[in-house]
1. Return only the number of the condition from (1) on the phi < 0 side of the Ramachandran plot; (2) buried (at least 24 other Cβ atoms within 10 Å of the Cβ); (3) not β-branched (Val, Ile, Thr) that residue 72 does not satisfy.
2. Restricting attention to region 1-47, which residues are among the β-branched types (Val, Ile, Thr) and within 21 Å of the chain's Cα centre (by Cα)?
3. Out of 118, 67, which single residue is touching a His at 6+ places or on another chain (Cβ under 8 Å), in contact (Cβ under 8 Å) with a residue 40 or more places away in the chain and crowded, with 24+ Cβ neighbours inside 10 Å?
4. Hey, can you tell me all the residues within region 456-504 that are within 30 Å of residue 61 (Cβ to Cβ), at pLDDT 90 or above, touching a helix residue (DSSP H, G or I) at 6+ places or on another chain (Cβ under 7 Å) and not hydrophobic (A, V, I, L, M, F, W, C)?
5. Would you be able to tell me the number of residues in region 1-22 that are touching a Cys at 6+ places or on another chain (Cβ under 8 Å) and either part of a loop (DSSP other than H, G, I, E, B) or among the hydrophobic types (A, V, I, L, M, F, W, C) (or both)?
6. What residue, among those in region 433-463 that are under 19 Å from residue 286 (Cβ atoms) and of a type in the set (Ser, Thr, Tyr), is surrounded by the fewest Cβ atoms within 10 Å (Cβ to Cβ)?
7. Being within 24 Å of the chain's Cα centre (by Cα), farther than 15 Å from residue 325 by Cα and polar (S, T, N, Q) is true for just one of 442, 384. Which residue is that?
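The values are calculated or read from the model by the stated rules, or taken from the named source; none is laboratory data. All of these numbers come straight from a predicted model, not from anything done at the bench. With ideal geometry, Cβ positions are generated from the backbone for all residues, glycine too; neighbour counts draw on all protein chains shown.
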Amino acid sequence: MTLVAGVDSSTQSCKVEIVDSNTGTRVRSGRAPHAEGTDIDPELWWQALQLAIEDAGGLADVSALSVGAQQHGMVLLDDAGQVIRPALLWNDTRSAAAATALTCQVGAAELARRTGLVPVASFTISKVRWVRDAEPENAARVAAVALPHDWLTWRLRGFGPAATSHLGPALEELTTDRSDASGTGYWNPATGQYDLNLFELAFGRPAVEASTGPTACRDTAHGSTVILPRVLQAGTSAGTISADALPQAEIGARIVLGAGAGDNAAAALGLGARRGDVIVSVGTSGTVFAVTDTPCSDETGTVAGFADASGLFLPLVATLNAARVLSTVAGLLGVDHDGLAELALQAPPGAGGVVILPYFEGERTPNLPDATASFHGLSIASTTRSNVARAAVEGMLCGLVEGLDAVRSVGVEAKQVILIGGAIQNAAVQTIAAQVFDIPVTIPAPGEYVARGAALQAAWTLAGSAQRWPVDTVAVPESSFCPVIRKQYRAASTIPATARPESS
């Protein structure tokens, strides 16, 4: 049996899944927590990865590994390979004004055409613009810009700070993959190339892709040219793990490293997503994405035109408010998640007219960063615990249905919704999803699909060809679409701002 490993270095934790490369059957796993916050020292990710590998029983019998990780995070490196400042994560919003400035300077339609994206605070291009303006001393030291999975893969190969790596910084050895590169805002999925002019416009200094060679890369000596990771194609290798990189871990003699991937692209691989499948992930945030044959662009900025990890494309919509909507309302009602489900299923579809616009943390889709949540349709008769519970579930899901509508609007064919994420195991979420979505809903077995997708990528790299592993289905809720739920939600969301509470 040949074993491969997949890593999911997410916002909350690092997970390692070790699986049979032929069948995808999990053999063992490990995990370690990540620090909280929106700007994190990448060294903490490195420490968590080592702990997760140890928790998974080491890598002595593993033949290949690949890293999936949270997208967009900005890792800035100096000439010596040292991290200059804590990495700004996807959910750090301090660069919102920088994103707006870039859009005003270049134009939304032009940005969408060149990169598939319109900048928001999440994307790397907004963060590099912010550091240029807010931290010029740090910006002057930048020799390379990487993403979380790029940096972890580079460290696994034995590169890193000159003071700790016998191989030295070797910034020209930084690599990434097309899925993660497509989330930067300065890479074009349609051409497969960096938009170096756009990076220079954002950061104020020219950049070069590492693949152009060490001579060009070494021009970074005094703050001139910035190195961007070489973009690896699907199924290609980033190199091998260095035994010196993991001195405390039990590892095999030669472990091949896959290209790695952004978390959503890795999840699509792990789920075996095909044309017609729309994946809706309900975690801390919500995402709606699909695999397509052609690139897309949306000048409204609602749909991000990412690339996937297989050579195709991954249009995606993200929401800030997902599972924590349920936790918040459950706390308000004094129940746990099972209690919330029990209450919600006691109320009829439409919750007696009660609607919650669940913008508890602002919102990204629609782009309302300063919004707050609001309740609508409350009366003496309708204000019951069961109606409020159901309105929370309906509101969370309606926000995700708007994401489905958005990806449809850019030409995505939608035949079924695949629901994943911890909140999907809630009985009320499963039942109400089949009433909110107007296409069939499928719920696969709970699993670490980002890590599983990274493992599949590792198997692909090892074997030289793409594979498909079976995915178990645990539920197929009976379709019972109820248009009244969406109708009420849309009516509440179009109430003029002047008619809402001031902070909404």
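1. Residue 72 satisfies all of (1) on the phi < 0 side of the Ramachandran plot; (2) buried (at least 24 other Cβ atoms within 10 Å of the Cβ); (3) not β-branched (Val, Ile, Thr) except (1).
2. Matches in region 1-47: 7, 11, 16, 38, 40.
3. Step by step, each of 118, 67 is checked, and only 67 is touching a His at 6+ places or on another chain (Cβ under 8 Å), in contact (Cβ under 8 Å) with a residue 40 or more places away in the chain and crowded, with 24+ Cβ neighbours inside 10 Å.
4. Result: 457, single match.
5. Of the residues in that region, 1 qualify.
6. 442
7. 442
Let's see how each residue does on (1) assigned to a strand (DSSP E or B); (2) among the aliphatic types (A, V, I, L, M):
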position: 417; (1), (2): yes, yes
position: 423; (1), (2): no, yes
position: 430; (1), (2): no, no
position: 433; (1), (2): no, yes
position: 438; (1), (2): no, no
position: 442; (1), (2): yes, no
position: 455; (1), (2): no, yes
